[in-house]
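Contents: one structure, followed by commentary.
The values are calculated or read from the model by the stated rules, or taken from the named source; none is laboratory data. Remember, it's a predicted structure, so these values are computed and weren't measured experimentally. All Cβ positions, glycine included, derive from the backbone under ideal geometry; neighbour counts span all protein chains shown. All accessible areas refer to the heavy atoms of the entire protein, side chains included, with ligands and DNA or RNA removed. Shrake-Rupley method; radii C 1.70, N 1.55, O 1.52, S 1.80 Å.
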Amino acid sequence: MSAQEYVNRVLASVQERHQDKPEFVQAVEEFLPTIAGYVAEHPEIEAHNLLEIMVEPERVIQFRVPWQDDQGNWRVNLGYRVQYNSALGPYKGGLRFHPSVNESIVRFLGFEQIFKNALTSLPIGGGKGGSDFDPSGKSDAEVMRFCQSFMTELQKYIGPDRDVPAGDIGVRAREIGYMYGQYKRLNQTEPGVLTGKPTNQWGSFARTEATGYGVVYFAQNALADRGQDISGKRVVISGRGTVAMYAVEKAEQLGATVIAVSDITGYVYDEAGISAETLKNIPVDDAISLDEYTKHHPDAKFYPNESVWAADLSYDVALPCATQNEINAEMAQNMVDHGVKYVFEGANMPSQEAAVEIFDDNKVLFGPAKAVNAGGVAVSALEMAQNSQRLQWTFEEVDGRLQETMKAIYDACSNTAKRYSHPDDLRLGANVAGFARVSEVMLAQGLV
């Protein structure tokens, strides 16, 4: 059997076995075909059926989360933790609180996390988790009660040398603080059991900014490698969460002009450049529209209920930082038609496969999420190191290490792509570089 046939067989097995998990299947469909060349060079992978083993998580944990709302009603949500692959170290990956969370979502995120974490070259495996609980519109007391109930169950499966969750959509410093408090109440003081903690609770400086800053640092390296500079480039960013917010801030600091930003209410356009400071002062709440921005910048214009990727805007760089599958083929073609030359994914899998094909066909440089948004987990691993030493590094020291890490990640993707004679295929480079590191260790550790 050829390597391609082996890859196709494993992919068909995943499609059949997990046909009820579309996001997970999509992630595997995106990944497996790109590593066929590497598999062909390493027959031991097929000989040990490593792909079929790797695509299945080591453990999937599902549990109920009972909690009481402010009216005294008993409520229940579902909680998940997928401990995907521990070959390189403790499971590491965020917790997402959002109504869309289900097993397919956490499997897809966990699968991506394996290779994202491998690209950082730090000793961390891949995992992911969360709940279909929606913290928006809830009181602080309700969020606290939910987080305490969630952690009461989750704490049975995690630990600083076993599984170290962090934040994701819907889980910020407040939620991490409540969960860490409950963990400490039930166990002992172990700061390294969660990352993304508030800085007054052994959290790391620059962790909040890390993913968004890292997206721009990756873009900066990719452009520099092609004799370009992000300074002076016109940029569009989707999303208004932490990743998007700090991507706007760093792009602005490096001299780019962010002309538009979007969220679920629509998008705001400002030819003079979106102000990161103004944006940060608008509460992130589904009930508050981005139209609020125009009250502070009258020359800006708000377009309600429209996707920024379908907009009639001319720009150079796209940073999708909202959510999975936000860019479809029609939107991708619109972006190309309006001059986009670079797309770097800040969210997890925001581009549908048909959209990526359009980017490739039109020679748009595409940076995949597992490489581009790895800055957050990289600084989470640095937070683990600080916790182990009972130290807290300065913002400047952490940011400096983040810049070094994002350059190393870009170089790994680029050099691997060049090795396979596809110098601009950063997706192939990221997938092969991440897979190579994990597969080597899995083979060395035996059938576990």
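What are the pairs with Cβ atoms under 6 angstrom where one residue, in segment 129-141, is closer than 19 Å to Gln182 by Cα and part of a loop (DSSP other than H, G, I, E, B) and the other, located anywhere, is open to solvent by 40 Å² or more (accessible area, probe 1.4 Å) and at pLDDT 95 or above? Sequence gap at least six, or different chains. What qualifies is Ser139/Asp70. Listed by first and then second residue, the pairs with beta-carbon distance under 9 Å, at least 6 apart or on different chains, first residue in segment 18-44 and in the same structural domain as Glu112 (by the TED database), second β-branched (Val, Ile, Thr), form an empty list.
Pairs linking a residue in segment 302-329 that is buried (at least 17 other Cβ atoms within 10 Å of the Cβ) and among the aromatic types (Phe, Trp, Tyr) to a residue that is in a loop (DSSP other than H, G, I, E, B) and at pLDDT below 95, with Cβ atoms under 7 Å and 6 or more positions apart or on different chains, are Phe302/Leu290; Phe302/Asp291. Cβ-Cβ contacts under 8 Å between residues 6 or more apart (or on different chains), taken from a first residue in segment 249-273 that is closer than 21 Å to Ser289 by Cβ to a second residue that is part of a loop (DSSP other than H, G, I, E, B) and of a type in the set (Phe, Trp, Tyr), are listed as Ile259/Tyr315; Ala260/Tyr315.
Among the residues of segment 51-101, write down those that are polar (S, T, N, Q) and surrounded by 17 or more Cβ atoms within 10 Å (Cβ to Cβ). Before the answer, list the steps.
Of segment 51-101, the ones polar (S, T, N, Q) are 62, 68, 71, 73, 77, 83, 85-86, 100.
The answer is Asn77, Gln83, Asn85, Ser86.
Yes/no matrix, rows are residues, columns are (1) outside the structural domain of Gly110 (by the TED database); (2) among the polar types (S, T, N, Q); (3) in contact (Cβ under 8 Å) with a residue 40 or more places away in the chain:
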{"residue": "Lys370", "(1), (2), (3)": "yes, no, yes"}
{"residue": "Gly376", "(1), (2), (3)": "yes, no, yes"}
{"residue": "Leu382", "(1), (2), (3)": "yes, no, yes"}
{"residue": "Gln389", "(1), (2), (3)": "yes, yes, no"}
{"residue": "Trp393", "(1), (2), (3)": "yes, no, yes"}
{"residue": "Glu396", "(1), (2), (3)": "yes, no, no"}
{"residue": "Gly400", "(1), (2), (3)": "yes, no, no"}
{"residue": "Glu404", "(1), (2), (3)": "yes, no, no"}
{"residue": "Asp411", "(1), (2), (3)": "yes, no, yes"}
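Considering segment 156-259, the qualifying helices (runs of 4 or more DSSP H), each wholly inside and each with 3 or more residues that are open to solvent by 10 Å² or more (accessible area, probe 1.4 Å) and in the same structural domain as Cys321 (by the TED database), run over 207-224, 242-253.
For segment 197-241, filtering for residues that are over 14 Å from Phe344 (Cβ atoms) and out of contact with any strand residue (DSSP E or B) (no Cβ under 8 Å at 6 or more places or on another chain) leaves 18.
Going by the conditions given, is Gln62 in contact with a Pro (Cβ under 7 Å, 6 or more places away or on another chain), assigned by the TED database to the domain that holds Gly127 and touching a residue at least 12 places away in the same chain (Cβ under 8 Å)?
The answer is no for Gln62.
Within segment 283-297, being out of contact with any strand residue (DSSP E or B) (no Cβ under 8 Å at 6 or more places or on another chain), touching a residue at least 24 places away in the same chain (Cβ under 8 Å) and surrounded by 13 or more Cβ atoms within 10 Å (Cβ to Cβ) holds for Val284, His297.
Restricting to segment 282-295, name every residue that is out of contact with any Asp or Glu (no Cβ under 9 Å at 6 or more places or on another chain) and under 12 Å from Arg240 (Cβ atoms).
Listed by number, the residues that qualify are Asp285, Ile288, Glu292.
Just so you know, in segment 396-425 the residues that are among the acidic types (Asp, Glu) and more than 16 Å from Gly375 (Cβ to Cβ) include one that is surrounded by the most Cβ atoms within 10 Å (Cβ to Cβ), and it is Asp425.
Considering only residues that are open to solvent by less than 30 Å² (accessible area, probe 1.4 Å) and hydrophobic (A, V, I, L, M, F, W, C), look in segment 8-18 and name the one that is farthest from Tyr420 (Cα to Cα). So, considering only residues that are open to solvent by less than 30 Å² (accessible area, probe 1.4 Å) and hydrophobic (A, V, I, L, M, F, W, C), the one farthest from Tyr420 (Cα to Cα) is Val14. State whether one or more residues within segment 260-276 are under 25 Å from Tyr91 (Cα atoms), touching a helix residue (DSSP H, G or I) at 6+ places or on another chain (Cβ under 8 Å) and crowded, with 19+ Cβ neighbours inside 10 Å. No - not one qualifying residue is present in segment 260-276. In a residue-by-residue description of segment 339-349, the property of being surrounded by 22 or more Cβ atoms within 10 Å (Cβ to Cβ), more than 16 Å from Val236 (Cβ to Cβ) and of a type outside the set (A, V, I, L, M, F, W, C) applies to at least one position.
Restricting attention to segment 321-344, the residues being assigned to a loop (DSSP other than H, G, I, E, B) and β-branched (Val, Ile, Thr) number 2.
Taken over segment 19-50, the residue count meeting the criterion of being surrounded by fewer than 19 Cβ atoms within 10 Å (Cβ to Cβ) and touching a Phe, Trp or Tyr at 6+ places or on another chain (Cβ under 6 Å) is 1. Here are some residues: Ala381, Ala355. Which one is open to solvent by less than 10 Å² (accessible area, probe 1.4 Å) and in contact with a helix residue (DSSP H, G or I) (Cβ under 9 Å, 6 or more places away or on another chain)? Unique residue meeting the criteria: Ala355.
Being of a type outside the set (D, E, K, R), buried (at least 22 other Cβ atoms within 10 Å of the Cβ) and under 25 Å from Gly241 (Cα atoms) is true of Gly127.
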